[in-house]
Amino acid sequence: MPNWDDLKKIVPTLMQQSDKGFSKYAPPSNAAYSSDLIFPGAIAFPEDEENVSRIIDWAKPQGIPVVLRCGGHNYAGYSAGRGAGSLMIHLGGFKKVQLNVADGKVTIGAGCLNGEILSALKGKGPSPEVSLAIPSGRCPTVGISGYVLGGGIGFHTRRFGMGVDSLVGTKIVTADGKLLNCNKSENSDL
């Protein structure tokens, strides 16, 4: 069993199964994957990408299974825990939505949900009556991270392409804990 006390030294907030509020964050949205057997042993709430990297660096050498959750829903249960010895990294605190008016690019945090993004862009178009939009999912509780990782199919796909087609850059933490910028000039293969 992992020594969660060691992880508490790395991450600002760590919930264990015995902590109040754990049951709010542990179950996946699809009830088919909501058995207590798949709940993680702990849920880490990192403060930034560097913190995610340090958490991975802590978990990997110990062989602790790690799953990510951005806070949206997932019908396939990919963000379900792997039992008491596993760790969930919850990215729900990464809520930044920032519009660069000069180039029309939007920077979106990994924990943003579709409804939050649409609200942040409301009225930010060429006039107050016209909102900017991005190729997005079908409902307000779709998380941007899973949506883009899955390709990004939604109502706008036919006209604007899939969500991933609009991605011009991202920061990722690899399975070995490296924090990488990925764009046209850096790590373009990713």
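No value in this document is a laboratory result; all are computed from the given coordinates. Note that the structure is a prediction, hence the values are computed from the model and not measured. Heads up, the Cβs are rebuilt from the backbone with ideal geometry, glycines too, and the neighbour counts pull from every protein chain shown.
Some notes on this structure:
- Note on Y78 and C139: the extension gain reaches 20.1 nm, defined as 0.36 nm multiplied by sequence separation minus the Cα-Cα distance.
- Between 0 and 90°, nearest 10: helix 49-59 axis offset from the chain longest Cα axis: 30 degrees
- Within a Gaussian network of the chain (alpha carbon springs, distance under 10 Å), most fluctuating of A102, A76, A84: A102
- Rounded to the nearest 20 debye, the dipole size of the chain about its Cα centre is 420 debye, using +1 on the Cβ of Lys and Arg and -1 on the Cβ of Asp and Glu.
- Distance from the Cα centroid of segment 1-58 to that of segment 90-130 is 27 Å (rounded to whole angstrom).
- Given K122/K178; K60/K122; K20/K96; K9/K96, the pairs whose alpha carbons are separated by over 29 Å: K122/K178; K60/K122
- Alpha-carbon geometry of the chain: the Rg and the Dmax are 17.5, 56 Å, given in that order.
- Potential lengthening between D48 and S185 on full extension [0.36 nm per residue; Cα-Cα distance subtracted]: 47.0 nm
- FRET E, pair D5, S127, Förster distance 45 Å, beta-carbon r, rounded to 0.05: 0.25
- Label-point separation, Q62 to A31 (7 Å along Cα→Cβ), nm: 3.4 nm
- In the chain, helices alone account for a calculated mean residue ellipticity at 222 nm of -4500 deg cm²/dmol, with every DSSP H run of four or more residues adding -39,500 (n - 2.57).
- The ranking of M162, M88, M1, M15 by Cβ neighbour count inside 10 Å, starting from the fewest, reads M1, M162, M15, M88.
- Counting other Cβ atoms within 10 Å as a rough exposure proxy, the listed residues W4, W58 run W4, W58 from fewest neighbours to most.
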